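Report on the structure given below.
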Amino acid sequence: MSRSKQKLVQYVTEAHSMELTLVRELQSQIAMTPRGRYRSALEAHVRQTRDHAKRLEGRLRDLGIGGNPLRALTDAAQSLAGQTLALAKTPLDLVRGSGGEEKVLKNAKDACAAEAREIATYDALERLARAVGDDDTAKLAVSIRGDEEKMLDRIRREIPALTDAVVRADIKGEPAYDIEETGAADAVRDVARTAKGAARKTAASAKRTSRQARKVPGVAEAEGLAKGALASEKDLPIANYDSLTADEIVQRLPSLSQVDLAKVEAYERKRQARATVLNRVSSLRGDEPWPGYDEMTAEEIVARLRDADEDLARRVREYERGHKGRASVLHAAERELANA
């Protein structure tokens, strides 16, 4: 894949993820908004946002990315992040402000910010698409941006009326409605009960997707580098990483998988960039005996070695010696070499 196409796919994927996240944010806002013209506008925009996501997904398929396992891995992680953010946001929205009117106004201001971010995203996507000669993607960006611009104008037209409602409720003591009567309370209680389970299920799905994707050559390294570039110390496979000396880290590196080695490399490069650590990581980085090897248990590897030829048994032995050094795996590899 060319660099221009890689960058284009990145921008389209980001826009797709943004639309999926916005669906959940809009749903949480609708649950807190009284019935009327503003709520109807939000409900219509949810349907429109789902359509945007489908159109972007179709464009990714046209670009040949629909079956790419690395994209599936990225989408799973983005979906988890977006879902967790939206689910966590709803209970917080319920308690912000002094009354229902104030909550709806704050949500409307948040919606303005979200629409502005979308407009900027499609500005960038259109510009990039035209720069690389992709008129179809550019036209899609222009079309969706037009919808977002109309929605931003629509929300802004509601701000004066929503502000007047706050004045009546919070200053004049004349509230127009109770948040409990909008359906928000029930919706939030349902979310609170299901958020933890939903996040757990999505995390499990993302983990399964990651394992499947790592069976494709090159994906494990790409995943580790991407995670390491964004990681904090607590995300690393080595506990208390920042407090360890280079020698202490080097001692722990051989037990890590290729994904974790790439993660440590990316993290180290953007922090201290110690040559001792980076050189040792480089010496340990290399092709697994087969894609997905690091995801397998010792028992699974031993079972596969029963049908291995001499070359594969030798690769397993050398890789295992330099990494985890599991006795059962080394013994099985030596046995197959002796019988070859």
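Every read-out reported here was derived from the displayed coordinates using simple, explicitly stated rules and does not represent laboratory data. No experiment lies behind these values; they were computed from the predicted model shown. All Cβ positions, glycine included, derive from the backbone under ideal geometry; neighbour counts span all protein chains shown.
Applying 0.36 nm per residue to the separation of Glu318 and Ser282 and subtracting their alpha-carbon distance, the gain on full extension is 11.4 nm.
The residues packed around Tyr241, meaning those with a beta-carbon under 11 Å from its beta-carbon, carry a net charge of -1 if Lys and Arg are +1 and Asp and Glu are -1.
Over 21 Å between Cα atoms, which of Lys7/Lys234; Lys7/Lys150; Lys109/Lys150; Lys5/Lys263; Lys7/Lys139; Lys106/Lys172 qualify? With Cα atoms farther than 21 Å apart: Lys7/Lys234; Lys7/Lys150; Lys5/Lys263.
Averaged over residues, the count of other Cβ atoms within 10 Å places the peptides 130-137, 14-21 in the sequence 14-21, 130-137, highest first. With the highest mean first, a sort of the peptides 250-262, 303-315 on other beta-carbon atoms found within 10 angstrom per residue produces 250-262, 303-315. Using a simple spin-label model with points 7 Å from Cα along the Cα→Cβ vector, what separation in nm is obtained for Ser40 and Arg168? The modelled label-to-label distance comes out at 1.8 nm.
Take the Cα of Lys7, go 7 Å toward its beta carbon, and the backbone nitrogen atoms of the range 121-159 under 18 Å from that spot belong to 121-139, 141.
Model label points for Ala131 and Glu299, set 7 angstrom from Cα along the Cα-to-Cβ axis, are 5.3 nm apart. From the largest down, the range 238-316 spans 44, 21, 18 angstrom on the principal axes of its Cα atoms.
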